[in-house]
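Report on one structure; see the data block that follows.
The values are calculated or read from the model by the stated rules, or taken from the named source; none is laboratory data. Please read these numbers as outputs of a predicted model, since none were measured by experiment. Glycine also receives a Cβ, built like all others from the backbone with ideal geometry; neighbour counts cover every protein chain displayed. Quick note on the areas: whole protein, heavy atoms, side chains included, nothing else; ligands and nucleic acids left out. Shrake-Rupley method; radii C 1.70, N 1.55, O 1.52, S 1.80 Å.
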Amino acid sequence: MTPQPSSCESQRDPARSGASTPRSSWVTIIVIYLAGVAAATSLGKFSSVGPQMTAQLGLSLSQLGWVISAVVALGAVAGLPAGYLVRRFGAARSLVVALVLMVAASALSAAAGNLAWLLTSRVAESAGYLLVSITCPALILRLAHERDRGVALSIWATFVPVGIGLSTLAGGAAGAALGWRGWVLLLAGLTLVMTLIVRARLPWTSAPETAAGSVPGARALAWPALLTVAFCLMVLVTIPVIVLLPTLLIEQHGRSAAVAGALTSAISLVGVPGGLAVGLLLRRRVPLGVLAASGLLVVPAAWLTYDSEGSLAAAVTGAGVISLENGLLGALVFAALPQVLERLDHADVGNGLVTQMGSLGSLLGPPLFGLVAGASGYGAAVPVIVAGMVASVGIMLLVTRHVSGRARRAAPEIG
């Protein structure tokens with residue numbers, strides 16, 4: 001994993017291969033980001049219209065839960081293979097195909113008459129969402145100059161909370177006015193508009209932009225894999241806190257469903273400034289290790305959130321800190337990934353690994369916490385959170401130490 005000679009260094013960063021300094025393509029980067037936000041609305045689009053769907057289709061709450069979570073299921077098992085697929089066919093081409101697939105699957109789900117139909121369309125939508133999650137950061141990485149990559153990837157890391165926030169906030173009113181099928185078709189139409197904009201903005205060639213380097217093998221992915229294990233553990237113990245927060249606020253603090261939902265929506269968006277802060281802090285040369293170590297704030301925050309004798313303010317504060325750290329550490333993973341890849345043209349495969357491990361954490365976390373809290377109470381989740389976060393931060397610190405050592409070894413060759 002030692003840095004490559006100067007000829008390969010120019011492959012890692014084209015800016016070093018010539019005297020001129022290329023500028024980041026910010027307009028295109030923002031377009032790609034908005035495409036990701038449009039895709040992420042699929043994660044929350046059924047949550048706000050759930051009662052309508054269950055009434056019309058005769059679904060149980062458990063079945064509705066499967067419909068909602070199915071969009072990340074494919075990513076949990078096929079993220080890495082999908083990364084190799086994107087590398088084969090090209091990120092720009094794959095992104096457009098992915099958005100078209102999401103539009104078609106969303107339109108199909110609007111016509112669903114039963115659970116089987118709905119789940120089938122949702123799995124197809126999951127395939128599109130998986131490809132979007134891989135292609136967008138890979139494209140952003142190529143379009144952003146080295147100095148801007150931390151900021152650009154930190155912005156990208158906010159696409160999920162922004163997409164979910166927009167869909168949950170707008171879904172209630174739109175669902176009441178248009179019905180759940182009309183709401184789903186509205187989102188399909190907006191995604192179609194983004195597809196056309198992306199298609200016009202990105203180059204579309206007859207041949208895929210296949211990378212010049214070799215396909216990354218197991219050795220080349222060793223450090224990226226370690227980084228994504230830390231990501232998986234972080235997601236595993238932080239996402240369930242937000243997902244299960246409404247139930248906690250209702251059962252332990254006696255709040256109404258409306259108040260609990262509003263508080264949870266606000267807390268989930270706290271992750272956005274957490275993600276954006278990473279880019280700004282990296283621009284100020286704050287070490288990666290310091291940012292990783294901030295994840296230990298989740299430990300006292302977990303005690304605040306789940307203390308049965310604590311106040312509502314304490315629980316909300318604790319959950320807010322956890323949401324903030326979820327956004328910050330998620331952005332840190334995206335920003336650190338280019339620094340642990342052997343070559344930048346391995347980004348598609350690396351992002352496939354990130355997507356798979358993040359999806360795995362999102363898929364397993366809520367049922368695990370539900371099982372623990374159901375059997376022993378909410379307080380029993382605290383040791384799980386502590387163990388997961390300490391392990392996650394420890395692995396991140398190991399990775400950041402490797403990154404720092406690699407940068408020191410590369411400095412004489414660059415200078």
task: Rank GLY172, GLY271, GLY36 by mean-square fluctuation in a GNM of the chain with C-alpha springs under 10 angstrom and give only the top-ranked residue.
output: GLY172
query: Once the convex hull of the C-alpha atoms of the range 360-399 is built, how many Å³ does it hold per residue, rounded to a whole number?
result: 52 Å³
field: Charge dipole (debye, nearest 20) of the chain; +1 at Cβ of Lys and Arg, -1 at Cβ of Asp and Glu
entry: 920 debye
message: Under 10 Å, Cα contacts only: if you run a Gaussian network model on the chain, which one of GLY361, GLY50, GLY295 comes out with the highest mean-square fluctuation?
response: GLY50
Overall form of the chain per C-alpha gyration tensor (a/c, 1.5; a/b vs b/c): oblate
statement: Applying the span-like rule to the chain (DSSP H, Cα extent along axis at least 18 Å, Kyte-Doolittle mean at least -1.0) gives 26-44, 73-89, 91-110, 115-143, 159-201, 222-243, 271-283, 312-340, 347-376, 381-414
- line: Rounded to a whole %, the carbon-and-sulfur portion of the accessible area of the chain at a 1.4 Å probe is 69 percent
message: Quick check on the range 70-123: take the gyration tensor over C-alpha atoms, sort the square-rooted eigenvalues as a ≥ b ≥ c, and tell me if it's rounded (a/c under 1.5), prolate or oblate.
response: oblate
task: Find the accessible area per residue for the chain; the probe is 1.4 Å, ligands and nucleic acids are left out, and the unit is Å².
output: 41 Å²
message: Using a 1.4 Å probe on the protein heavy atoms only, what accessible surface does HIS402 show? Give it in Å² to the nearest 10.
response: 20 Å²
- request: Could you tell me whether the range 268-373 comes out rounded, prolate or oblate from its Cα gyration tensor? Rule is a ≥ b ≥ c as square roots of the eigenvalues, rounded for a/c under 1.5, then prolate if a/b exceeds b/c, otherwise oblate.
  value: oblate
